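Accompanying notes for the structure given below.
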Amino acid sequence: MNIALIIAGGVGARMNQDIPKQFINVYDKPVIVYTLEAFQKHPNIDAIEVVCLDGWNDILRAYSKQFGITKLENIVPGGVKGQDSIRNGLYDIVKRHSEADDIVLIHDAIRPMVSTDIISDNIRVCRMHGNAITVVPCTAAMLKTMDGIESESQIPRDNLKITQTPQSFFINDIVAAHKEALNKGITNSVASCTMYIELGRKLYMSAGSEKNLKLTTTEDIEIFKALLQSKKDSWMH
């Protein structure tokens with residue numbers, strides 16, 4: 001099976017809004033619903049689990065019913081840190097899905113424009129190599145600074161990739177990796193891919209897109225709105 005694990009445990013402090021950014025309405029639909037719909041409509045996604053910010057579970061369940069997210073299996077609470085939230089979701093999923101070929105796709109709730117092609121390539125690479133990290137090329141000049149004010153050095157961009165989500169793993173492998181990380185005191189890794197690097201494991205890359213935007217600031221919401229307007233009307237129904 002292919003199970004999507006949607007991480008929606010953040011409070012969205014940088015958005016400076018009264019509600020979490022994953023629940024902000026864009027064209028009368030919450031951001032997280034756009035994300036859930038992307039996995040709901042994908043033919044190879046069998047189930048969806050959400051790690052949700054405490055206090056928003058009932059609202060999320062209501063939205064799921066309203067917008068026809070029939071693949072939603074369960075909602076679990078988030079943790080103190082992102083790594084905790086992901087682990088909470090994985091530990092719950094593995095209770096129901098623990099076959100050797102079960103894959104989990106870990107995805108940010110605030111990347112609502114993840115495409116069918118991105119999801120498909122993530123699954124393909126994971127089944128081929130054991131994991132898959134969605135990436136895009138680094139096209140900018142990269143400067144290194146120690147104080148955020150000045151720079152005297154650059155990092156060549158040719159060998160750099162910018163990571164996105166989803167990030168996919170065989171469920172038993174990623175659960176074992178989280179247990180190993182806890183045993184080694186690795187508790188604040190910013191993403192599944194960085195945790196794997198800290199554990200000394202090899203990662204494999206799948207194709208992302210610049211449109212697979214992470215909604216972090218109010219400017220990102222404006223870009224998201226523009227991208228939605230540029231798509232066919234069917235995206236919004």
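The values are calculated or read from the model by the stated rules, or taken from the named source; none is laboratory data. None of these values were measured; they are calculated from a predicted model. Note: ideal-geometry Cβ built from the backbone for every residue, glycine included; neighbour counts use all protein chains shown. Remember, those area values only see protein heavy atoms, side chains included, never the ligands or the DNA or RNA. Shrake-Rupley method; radii C 1.70, N 1.55, O 1.52, S 1.80 Å.
Quick notes on this structure:
- Among residues of segment 1-23 that are farther than 11 Å from V51 by Cβ and loosely packed, with under 15 Cβ neighbours inside 10 Å, those with a Cβ under 8 angstrom from a residue that is of a type in the set (S, T, Y) and modelled with pLDDT of 80 or more, sequence gap 6+ or separate chain, pair up as R14/T216; R14/T217; N16/T218; Q17/T218.
- Helices (runs of 4 or more DSSP H) (entirely within segment 131-237) containing at least 3 residues that are surrounded by fewer than 14 Cβ atoms within 10 Å (Cβ to Cβ): 171-183, 218-230
- Search result, residues across segment 40-58 that are open to solvent by less than 70 Å² (accessible area, probe 1.4 Å), over 17 Å from the mean Cα position of the chain (by Cα) and at pLDDT 95 or above: none
- Within segment 65-110, tally of residues that are of a type in the set (D, E) and open to solvent by less than 40 Å² (accessible area, probe 1.4 Å): 4
- So I162, is it among the aliphatic types (A, V, I, L, M) and in contact (Cβ under 8 Å) with a residue 12 or more places away in the chain: yes
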